[in-house]
Amino acid sequence: MIPSLDLLLALAFGNLGLMLLAGRNPTAGLLSMILYALQGWVLVMLMPALAEGAASGLAFQVFGWSLSWELNGLGWFFAIITVGAAFFSAWFAAGAWGVQGTRSPWAFHVTLAANVAAMLLLLASRDLLTLFIGWELVTWAGYAMMIQSGGPATRAAYKYLIYGVAGGLAVLAAVVLIQVQAGGLGFAAVAAWMPGISTGMLWALMLLLGVGFGIKMAFLPFHRWQAEAYGESPGPAAAFLGAISSRMGLFGLLILLVHFIGLARLDELLLPLIGLDARILWMWLSALTIIIPTFIALKQNDARMLLAWHGIGQGGYMLLGVLVGSELGVAGGLLHVFNYATYQAVLFLVMGAVVYRTGTAHLDRLGGLITRMPLSYVAMLFAIIGLAGLPPMNGFVSKWMVYKALLDEGLPLLFVAAVIGTLGTILSVFKLIHNVFLGQLRVEHEQIREVPFSMWGPMIALSLIVFITGYMPGLALDLVMVAQTSLGFAALDYHLGGFVTDTGNLNMLAVVSVLLLGMGIGAGIFLLGGNKSKRVHQLDNYAGGHFLTTEVRYHYSHHFYAGLLRLIGPWYITLIKRLEGGIAALTDTLAAGSDGLYRTAYTPILMLAATVLGLALVL
Amino acid sequence: MMVWVVAILVSLMLIGAFLVVAIPDLLGAVAASTAVSLALSVLFVVLRAPDVAMAEAAVGAGLAGVLFALALRKTESRRTRDEEAS
Amino acid sequence: MRQFASLLFLFGFAFFLSVLVGGLPFGAAPMQVGQAIVEQNIEATGAANAVTGVLLAFRGMDTLGELTILFVAATAAGMVVERRKHGVSRDSVAGFILLAGAELMFPFLLILGAYVILHGHLTPGGGFQGGAILAAAFFVPFLANPGRAFQGHAMAFVEAFAGATFILLGIFSIFREGDFMAPMFLGTGEFGQLVSAGSLPLLYLALGLKVGAELGSLVAEIAAAPGSDDPLIEEPQAAKDL
Amino acid sequence: MNPEILIALPLLAAFLLPAARRIDASVGIWWGPLVVLANLVIAAMAWWKVQLIGPQSIALGGFAAPLGIELRADHLGLSAAVLLNLAVLLLWPRETPDKARVSTILLVLTGAGCGLAMSADLFNLYVFFELVAVATYGLAAANGKGEALIASLRYLILGALGSALALLGIALVYAKTGTLNLTELGGMSEALSGPAGIGALVLMVVGFGVKAELFPLNNWVPEVYAHTESRVSALMAGIISKLGILVLLRLIAEVFGGSPGLEFLLWVGVLGVVTGELAAYGAKDMRRVLAYSSIGQMGLVAVALALGGETGFIAALILMLNHLLVKPALFLIADAWPGSLKALAGKGRARPLGAVLFVLLALSLIGVPPLPGFWGKYLLLDAIFTNVTEGAGLLVGLILAATVVEAAYFFRIAARLFGSGEAAEESKIPGLPAVAALFVIAFLALSVQTGRVGDYLKEVVHGLQPQELRMAQSDFPDPAASVNGKGERL
């Protein structure tokens, strides 16, 4: 049988059905892993068919619109990441965690399957209507995934939902507007219609769709829902959501900005008064999205919240890269989608494992776990190096490409902004790994053990991917190029170790080899030179001339970076927060008013008034 | 001639309708409303609609008044609320 | 404030109503349908009273609907009233003059009602008016002497039988004429005679009996309901909100 | 079988019932459902006949249209009749103190509703409308509790005033044109384009709007729904409110298409959506939330009607159909839960099926694809963008903002249902009521077959007024235009 999109969707929905029926079974996690692996295999097999578009036989006629699906290169790229993230999340949940770690493993497996199926539908959309259907399904599936933990997660998910519904409706309004104006909804038809429309119309569409997609991506200033919603989700769910869910917003924005409007048209769209064009506006919004949430991440005291705030910032690099528009920039932005998914998943999985063992993710209540959970430590180390964008991990490659593209295109200010973001990242991931794994072990954690294989397996596997694709970025760039050419950009000249451009090359094979060599020499000197170190007990320690007792721990975690945080003062966030609160209060007031209106007893007067005013209106 | 008859009847109806609203005694208001109906039924006769006139007289002036009066007697609320308040 | 608002809107309504009515063609009304009915009535229905022709023949369904409105209103009222019947209330008997007058009026009202109903297709009047008079014949003595037994059973059967007859006549005409509520299957008869105009007199008879029984039992039911000062009635708390 | 029987049979049964129950008291229990079942069969047969041979016009009593009353056995009328009979049968009230009288009222309601659905004569429509109205006043009071009586009194006052205004409107139309037949009136649009015609439309919207839960004539809705038996609330919110809309639909489609008076309906609808959803957001007990949400949904229908055109009418129909199936099911499911929203915590965990279905149905009300409610909203937006030249953005913005509010309160409830609450495990909560299950099944069937139902609705709308709509057919998107064949890719 030749694998087709139908087979893929059948597998995805079959998995959903299977999980609904058998999700309580202890083998459910294993089953769904197999199914995700199969989906991944089908996707790989689909690769040659992408040039013509892998169409699905699934089709509906509703109200004169035909709904059908077709996978293209861009969607395929995101689909690979989706299925991969789902595979590792399911692996994590398949064993011990799935049995005890959540209120109901059934709910997790079902919602994960639903999310994957919804995302595949979205990614395979061939017109705006199917896109919107997929969009809404993804929103609701995400909501279902977030509410599992109950408690504060419910409130966070509720906030997500309000944002998500509002964004979805903005998309809906734009879709209908396009349908009425353009007479069709097919991506190609819309792209062909776009050049002829007026500037006002273009702004309206860009605003509606930009807000809709931007909310999903937690683009500034619509970022306030995401951190809480992801942070409060259970470990593997957060890993999956953090890795790929909000990238659906990026997918939408790419279709809108690159495919529909086109970067050239963006350049022509001048903002009134300021004189900036729309593309620069988007790029600066991306840059702000990188900087502000990253620095908010700094002050988080909950590890999962810290990671979630980071996730918001990383999205900015992706869009920024693509908007640069050069082969290097687009490849960098898209590669960052892949890279980010790998290390963000690891980080959430590690924190899931830590929470599984210690019951908390609060940074003040952890520390020193390196001796108890060394494998988790290694996984996190790999991942945070990736997140910080340092060699030899994959995050370095994609960020490097974005930086270089920015400089090549003559955008130094944006380059500086991106680097400031990276600085914040380095600071905060240091806080993360220090407060969780380094420092002193707390008394109550002395008895804990490393998590079982079913949990460290996916973590280590993923962190190896982080390393390998950092060592050999050509492997990931193979996938990226499919999306890049599908978006209509020229392919980047790349090889296994990196890329070649007119202004310079990158060969990670060389870089990493040198790095490893250096480390090897250092280790050799250290070992050959007679190991001078001495093993002391963790508590054999003193500060300010006093020995520390077991009761008083010397822990650096509290008020980490206090000085820096005082300096940056998050006034901007307060503004958005106030706005959000204001809208909520206004809704409450209006709601009370409406309720009151319906409770008044003097209805005949209302009726008479309506009649008279109505007559006055129309006569 | 016809115009004057109609005018007088309509004026009677207007006065009656005003009294319905103005009289504090509810039984009185019912009586006033039957008066309106009666004047209306005469008006129908004048306008050469005897069928409607009969219906109006039987139902509007007769039956409705009886039902109202009965209901008032059952509820004992002979006064309007304004009256009770003062 | 509320009264001021009502007054304001009432004036507004009156103003707009005058605007609307001002646009109507008075004196030269485009009464195509009315005109056509006046012209065709005698030929089509044989009823001397054109109003009856309209009510029972041309727009028989409307009349059925109106009849049913009365019926269902009485049913609903009965439902509300009856449920409050906790204690037994009996109002005092009226004085001699009222009693005697009421008893005296009974046969006259009965005959008048019957006449109005039966001659509905010939002269002004008909089922509704006659029915109301018939009802009055029954409830006037009853009001004068509330203690008097009321034939609820008989009324119910008259009501059901009369209403059913009205509809069954309509259904019967399906078999004769092919149309529902076609009243002419008995032929138009001799113009101006009592037995003429097809089934219209029968329909009116059914209608009159139905209306009479309906109104009669409604008044009786309300009269038999307990008053607010009777014991065992709890005033609904929410009543004060209205 | 003549479709007139649909009216005659229930009325006949209603007339006979009070006498019959005096012979045998048990008659009051089985008589009504049996007759409605028979009526349902007849309606289905008549509907099928229309499918086979197309719509028919019936001259009642053999008197041809302008003089006599015309009944239309068309797609709209008979579909509505089938649904009405079905809904009455399924939602037959159980816990009323006076079964026989309630049966009588419901029988009258059924007959009148069927008449209302088919009538093509303005005054006849009014009579049946009034009949339905009086029957529902009775139903609202059937519970017999003090609050229910007060609520139904409020309903009665509003309804009576509204009926008077509607009658005034009809009188204006008759005085202006001299006819009451809808087909004839349809050809007289220029006579009705003056102030008299526009004013008449406004008055009729107000009058019929009382039943259709239009703003601000829907003041009775929360009170009545909060205090009647859940089945009665379900019946009233589900189907009876649609009868009011049905009258407006016929009027607008056949007579008042393009009248400036429709602007009134448009704003009434928009305000209904906004205030209804906001009030539901502020409400504190389940019944009121559902009642207010019903107001909002009917507001959407009113907007769709006011916009008109094929798209608008289909949007109105699909929204009505969606609400018709969803709202009764919601009322019935919620019946098992405590009324106060605060007390809902954890109820969904004890009985997940009902709660999950509740959420699913709520999703359709919100308009989440691919559920039917989404298509309704989509078509509605389509109609707005197509037909409204100025202020379309404002209109869409208001409606979508109200939708966000709608999602907010439904998901506050959902979060509570599945949230933590220990009381849930102790109290014994009954499962999904069988009737609710039937509604849910019908809803799922509609969701799966939206395409086919859409085609049928198109036919329904085309059966309404051939001339104008066939001209405006280009409103509807061409299937070929939306997807450009196979070769299209990013």
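Residue-wise, which Karplus ³J(HN,Hα) couplings in Hz belong to region A:417-424, taking 6.51 cos²θ - 1.76 cosθ + 1.60, θ = phi - 60°, and x for glycine or proline?
4, 5, 5, 4, x, 4, 4, x
How far is helix A:278-298 tilted, in degrees, relative to the longest principal axis of the Cα atoms in chain A, given as a value from 0 to 90 rounded to the nearest 10?
Computed tilt is about 40 degrees.
Find how much the distance from A:Asp478 to A:Val514 grows on full extension, using 0.36 nm per residue of separation minus their present alpha carbon separation; answer in nm with one decimal.
10.5 nm
Based on C-alpha coordinates, I'd like the Rg and Dmax of the protein assembly as shown, in Å.
38.1, 137
Of D:Lys49/D:Lys211; D:Lys347/D:Lys377; D:Lys145/D:Lys242; A:Lys299/A:Lys577, which pairs sit farther than 22 Å apart, going by alpha carbon to alpha carbon?
The answer is D:Lys49/D:Lys211; D:Lys347/D:Lys377; D:Lys145/D:Lys242.
I'd like the orientation of helix A:453-471 relative to chain A: the angle between its Cα long axis and the longest Cα principal axis, in ° from 0 to 90, rounded to 10.
90 degrees
Using a 10 Å cut-off around each Cβ, can you sort A:Leu269, C:Leu55 from fewest to most neighbouring Cβ atoms?
With the sparsest Cβ surroundings first, the list reads A:Leu269, C:Leu55.
Using only DSSP helix segments of four residues or longer, with each worth -39500 (n - 2.57), what per-residue ellipticity at 222 nm results for chain D after dividing by its residue count and rounding to 500?
Computed mean residue ellipticity for chain D: -24000 deg cm²/dmol.
Over its Cα atoms, what ratio of radius of gyration to 2.2 N^0.38 Å does region D:118-214 give?
1.23
Using a 10 Å cut-off on Cβ atoms, rank the peptides A:310-323, A:129-142 from the highest mean neighbour count down.
Those peptides, ordered most packed to least, come out A:310-323, A:129-142.
Within a 10 angstrom radius of each residue's Cβ in D:199-211, how many Cβ atoms of other chains show up on average? Whole number is fine. Before the final figure, lay out the partial values.
Values: counts 11, 1, 2, 12, 6, 0, 3, 6, 2, 0, 2, 2, 0.
Taking all residues of D:199-211 together, the mean is 4.
Within the P(r) computed for chain A, what percentage of the Cα pairs occupies the region above 32 Å?
In whole percent, the long-distance tail amounts to 50.
When we measure straight from the Cα of A:Lys532, which lysines land under 30 angstrom away, once same-chain ones fewer than 8 places off are left out?
A:Lys431
What is the angle, in °, between the Cα long axis of helix B:64-75 and the longest principal axis of the Cα atoms in chain B? Nearest 10 is fine, range 0 to 90.
Here the helix axis deviates by roughly 0 degrees.
Using 10 Å bins from zero, what percent of all Cα-Cα pairs in region A:574-618 falls into each bin?
24, 27, 25, 17, 7
Report P(r) for region D:1-120: all Cα-Cα distances, bin width 5 Å, range 0 to the bin holding the largest distance, values in whole percent.
Whole-percent P(r) values from 0 Å outward: 2, 13, 22, 21, 16, 11, 8, 5, 2, 0.
Which of rounded, prolate, oblate describes region B:2-85, given a ≥ b ≥ c as roots of the alpha-carbon gyration tensor eigenvalues and a/c under 1.5 marking rounded, otherwise prolate only if a/b is larger than b/c?
oblate
Could you rank the peptides A:608-619, D:110-121, A:51-62 by their average count of other C-beta atoms within 10 Å per residue, with the highest value first?
D:110-121, A:608-619, A:51-62
Please give the Cα centre distance for region D:165-187 versus region C:63-83, rounded to the nearest Å.
That distance is 28 Å.
Over the whole of D:444-454, what's the average partner chain Cβ count within 10 Å per residue? Rounded to a whole number, please.
Numbers: counts 0, 0, 0, 0, 1, 1, 4, 8, 2, 2, 5.
For peptide D:444-454, the averaged partner shielding equals 2.
Just the number, please: Stokes-Einstein D of chain D in µm²/s, Kirkwood Rh from C-alpha pairs, 25 °C, 0.890 mPa s.
108 µm²/s
In the P(r) worked out for region A:262-528, what percent of Cα pairs fall beyond 33 Å?
Tail of the P(r) past 33 Å holds 25 percent of the pairs.
Mind jotting down the distance between the C-alpha centroids of region A:391-406 and region A:307-375, whole Å?
Comparing the Cα centres of region A:307-375 and region A:391-406, I get a distance of 15 Å.
I need the peptides D:130-136, D:35-41 ranked by packing, meaning the mean over residues of other C-beta atoms within 10 angstrom, with the highest value on top.
Top to bottom by mean Cβ count within 10 Å: D:130-136, D:35-41.
Estimate the FRET efficiency between A:Gln61 and B:Arg48 by the formula 1/(1 + (r/R0)^6), using the beta-carbon distance for r and 51 Å for R0, to the nearest 0.05.
FRET efficiency, A:Gln61 to B:Arg48: 0.25.
Calculate the mean, over all residues of peptide C:39-46, of how many other protein chain Cβ atoms lie within 10 angstrom of the residue's Cβ.
Taking the mean over all residues of the peptide, I get 1.
No lab work stands behind these numbers, since they all come straight from the coordinates. Everything numeric in this text was worked out from a predicted model, so none of it was measured. No Cβ is skipped: glycine too gets one built from the backbone with ideal geometry, and neighbour counts run over all protein chains shown.
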